[in-house]
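Data block below; observations after.
Values quoted throughout were computed directly from the atomic coordinates according to the rules given, and no laboratory measurement underlies them. Fair warning: this is a prediction, and the values are worked out from it, not measured in the lab. Positions of Cβ are backbone-derived with ideal geometry, glycine not excepted, and every protein chain shown enters the neighbour counts.
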Amino acid sequence: MSTNFKARAMAEHQIDDLDAQLLRRKLRSTASPCDTKARVDQRELKAFCSNDYLGLANHPELVAALAEGAKRYGVGSGASHLISGHSIAHDLLEKKLAACESKYIPNARALFFSTGYLANINAITGLSKLANQGEVSIYSAKLNHASLIDGVRLASSQTKAKVTLFDHQNLDFLEEVLQQDAHPLKLIVVDGVFSMDGDIAPVKNLLRIAEQYDALLMVDDAHGFGVLGEQGHGILEQSAVHSERIIYVGTLGKAAGVSGAFICATAPFIEWLIQKGRPYIYSTATPPAIAHTLITSLELIEGKEGITRRKQLNQLIQIWRDEMTFQHWEKTPSSTPIQPVILGSNASALAAAKLLDEAGYWIPAIRPPTVPVGSSRLRITFSANHSVDDLRELIKTLQVIEQEVKSNL
Ligand SMILES: Cc1ncc(COP(=O)(O)O)c(C=O)c1O
């Protein structure tokens, strides 16, 4: 037996290093369902940090649908989709998801995944294989989510795709580079709603550019599906776009309140991803009971209840934008339920999160590498289950905490 266990010493050293840089993340376990109040460490905290934007994660109709789905289909799928794990519940869900985006994507077909992370990896690596090695260009927005970044990295190592980063708020550079690009396959990849800033991608302009330079446009609408658009169909509905070039990814563990994700695109792209998407092919299908639950979630999102919940959410967003003012900290120009407050240093963000915790709030500090160095922040998110009074109390608390952090650091 070796006495010199180097890997363990390395792990301990690396963790100490994270601690020293104030970059160590901590797990907290909740003892309550996801909602605006969370039971954590034997205390009840007011939570403004989940992505359960419509407040559906503990909705009685979804809880009942999951129980009913488990009775009907059992709890496990037993295999990957292409072996024997694909159930009629998956099939029905995929048809409903395709119908959600069919006004914006002609001949739309949808493919369901267990997570958005996997859907993104599958879409980017799978689509990159449409062309020969070395004949693919990927244009990726600089502030894209980690799952898109990882998908791009993997595609680049698998297919030698040429990767170019661009600023989604200034598309001139993207156009300039595309003008020079002779590769037969070009893929533009962008977050629909940027997860750490809350701003919305200029999808109409991006689509114009994609059409002009014969590119595909992949939009990860993880934070827009359920939230944006009259019917909650997301950024494509809100932007009123229509094109076969759009590859849409929506996630189902955020506004939809359950879990999973989907890729929606014109049918041949989806058929190709079923044939060649390794995460799809080599992973066990999500339990059909989850797919069954999601069908009820889609009905809630599209129906009267979804409309009422989006109205409440938009009222909260408007109040925040009108009434929340800071002297030192910075808000971002976000019109979505993601409303970050930028503090800058890790120390300030951690101090603010701690004071918020002491005041009974759960709003964790978000630090690099999730956000760029020097832009550590409080990522505040709203749920339709928050009341206007909840929000006004938070605004007052934040104003006091800003002064406390400033005078202590
Ligand atoms: C923009 C974005 N895309 C994808 C994901 C991954 O989705 P999932 O949590 O379903 O894996 C997330 C968040 O988790 C996200 O914020």
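Taking Cα pairs under 8 Å and at least six residues apart, what relative contact order does the stretch 104-255 come out at, in percent?
Details: 278 pairs, mean separation 36.3, N = 152.
Relative contact order here is 24 percent.
Compute the Cα gyration tensor for the stretch 84-132, then decide on rounded, prolate or oblate, letting a ≥ b ≥ c be the square roots of its eigenvalues: rounded whenever a/c is under 1.5, prolate when a/b is larger than b/c in the other cases, and oblate in all that remain. Could the numbers behind the result be given before it?
Details: a/c = 2.04, a/b = 1.25, b/c = 1.63.
Verdict is oblate for the stretch 84-132.
Among Leu93, Tyr73, Val203, whose Cα projects farthest towards the positive end of the dipole of the chain, with charges put on the beta-carbon of Lys, Arg (+1) and Asp, Glu (-1)?
Tyr73
Can you find, among Ser243, Val193, Ile295, the residue sitting farthest towards the positive end of the charge dipole of the chain, where Lys and Arg contribute +1 and Asp and Glu -1 at Cβ?
Towards the positive end, the residue furthest out is Ile295.
Using the Cα centre of the stretch 74-302 as the reference point, and only Cβ charges (+1 on K/R, -1 on D/E), how large is the resulting charge dipole? Debye, rounded to the nearest 20.
Values: 16 positive and 23 negative charges, 138 e Å.
The calculated dipole for the stretch 74-302 is roughly 660 debye.
Which residue, Ile15, Ile88, Ile338, has the most motion in a Gaussian network model of the chain that connects Cα atoms within less than 10 Å?
Residue with maximal mean-square fluctuation among Ile15, Ile88, Ile338: Ile15.
Write down the percent of antiparallel bridges among all DSSP beta bridges whose residues are both part of the stretch 74-302, to the nearest 5. Kindly include the intermediate steps, with their values, before the conclusion.
Numbers: 12 of 31 bridges.
The antiparallel proportion sits near 40 percent.
Using Cβ counts within 10 Å as a stand-in for footprinting exposure, how do Tyr73, Tyr248 rank, fewest first? The partial results should precede the final answer.
Working: Tyr73 19, Tyr248 28.
Result, fewest neighbours first: Tyr73, Tyr248.
Separation of the stretch 22-87 and the stretch 166-188 by C-alpha centroid, Å?
Rounded to whole Å, the Cα centres lie 39 Å apart.
Going by average Cβ neighbours within 10 Å, how do the peptides 55-61, 261-267 rank, with the highest at the top? Provide the component values of the computation, followed by the final result.
On the way: 55-61: 18.6, 261-267: 24.6.
Listed from highest to lowest mean packing, they are 261-267, 55-61.
Quick check on the stretch 106-235: of the DSSP beta bridges with both residues there, what percent are antiparallel, nearest 5%? Don't jump to the answer; show the numbers that get you there.
Numbers: 1 of 16 bridges.
Counting only bridges with both partners in the stretch 106-235, antiparallel ones make up about 5 percent.
Give the residue from Gly126, Gln179, Gln231 lying farthest towards the positive end of the charge dipole for the stretch 74-302; charges sit on Cβ (+1 for Lys and Arg, -1 for Asp and Glu) and the dipole is referred to the Cα centre.
Value: Gly126.
Looking at the chain as a GNM with Cα springs under 10 Å, which of Leu356, Leu391, Leu18 has the largest mean-square fluctuation?
Leu18
Let me know the charge dipole size of the stretch 8-63 about its Cα centre in debye, to the nearest 20, where only the beta-carbon of Lys, Arg (+1) and Asp, Glu (-1) is charged.
Magnitude of the dipole: close to 120 debye.
In what sequence, highest mean first, do 39-51, 131-143, 376-388 appear when ranked by Cβ atoms within 10 angstrom? Intermediate results must be reported in sequence, preceding the final value.
On the way: 39-51: 16.5, 131-143: 19.0, 376-388: 21.9.
Answer by packing, highest mean first, reads 376-388, 131-143, 39-51.
To the nearest 20 debye, what is the magnitude of the charge dipole of the chain about its Cα centre, counting +1 on the Cβ of each Lys and Arg and -1 on the Cβ of each Asp and Glu? Each step should come with its number before you reach the end.
Working: 41 positive and 44 negative charges, 160 e Å.
Charge dipole, the chain, about its Cα centre: 760 debye, nearest 20.
Please work out the C-alpha center-to-center distance from the stretch 193-236 to the stretch 246-266 and express it in whole Å.
So the separation of the two Cα centres works out to 13 Å.
Got the relative contact order for the chain handy, in percent, Cα pairs under 8 Å and 6 or more residues apart? Kindly include the intermediate steps, with their values, before the conclusion.
Numbers: 802 pairs, mean separation 90.4, N = 409.
Averaging sequence separation for qualifying contacts and normalising by length gives 22 percent for the chain.
Taking neighbour counts of Cβ atoms within 10 Å as a proxy for exposure, in what order, fewest first, do Lys71, Lys406 appear? Don't skip to the answer; put the middle values down first.
Details: Lys71 10, Lys406 15.
Ordered from fewest to most neighbouring Cβ atoms within 10 Å, Lys71, Lys406 come out as Lys71, Lys406.
When the chain is treated as a GNM, springs tying every alpha-carbon pair under 10 Å, which of Pro202, Pro364, Pro184 comes out with the largest mean-square fluctuation?
Pro184
Where a ≥ b ≥ c are the square roots of the eigenvalues of the C-alpha gyration tensor, would you call the stretch 217-293 rounded, which needs a/c under 1.5, or, failing that, prolate if a/b is larger than b/c, or oblate?
On the way: a/c = 2.52, a/b = 1.17, b/c = 2.16.
Because a/c hits 1.5 or more and a/b fails to exceed b/c, the stretch 217-293 counts as oblate.
For a test of the definition: using alpha carbon positions, the gyration tensor, and the 1.5 limit on a/c, classify the stretch 1-144 as rounded, prolate or oblate. Please report the intermediate quantities before stating the final value.
On the way: a/c = 1.75, a/b = 1.19, b/c = 1.47.
Because a/c hits 1.5 or more and a/b fails to exceed b/c, the stretch 1-144 counts as oblate.
Have a look at the DSSP beta bridges in the chain and tell me what percent are antiparallel, nearest 5.
Counting DSSP beta bridges with both partners in the chain, the antiparallel share is about 55 percent.
Can you check what the net charge comes to around Ser157, using other residues whose Cβ is under 14 Å from the Cβ of Ser157 (Lys, Arg +1; Asp, Glu -1)? Walk me through the numbers on the way to the answer.
Details: positive: Lys129, Arg153, Lys160, Lys162, Arg278; negative: Asp150.
Neighbour charge sum, excluding Ser157 itself: +4.
Full extension from Asn132 to Gln179: what is 0.36 nm times the residue separation minus their Cα-Cα distance, to one decimal in nm? List each step's numbers first, then the result.
On the way: separation 47, 0.36 × 47 = 16.92 nm, distance 2.07 nm.
Additional length available on full extension: 14.9 nm.
Given contacts defined as C-alpha pairs under 8 Å and at least six residues apart, what's the relative contact order of the stretch 178-244, whole-number percent? Mind dumping the intermediate values first?
On the way: 87 pairs, mean separation 19.8, N = 67.
Reported relative contact order: 30 percent.
Rounded to the nearest 500, what is the chain's calculated 222 nm mean residue ellipticity when only DSSP H runs of at least 4 contribute -39500 (n - 2.57) each, over all residues?
Numbers: 14 runs with 176 residues, N = 409.
That comes out to -13500 deg cm²/dmol.
So for each of 174-182, 285-293 I average, over its residues, the number of other beta carbons within 10 Å; can you give me the resulting order with the highest mean first?
On the way: 174-182: 13.8, 285-293: 25.6.
Descending packing order for the listed peptides: 285-293, 174-182.
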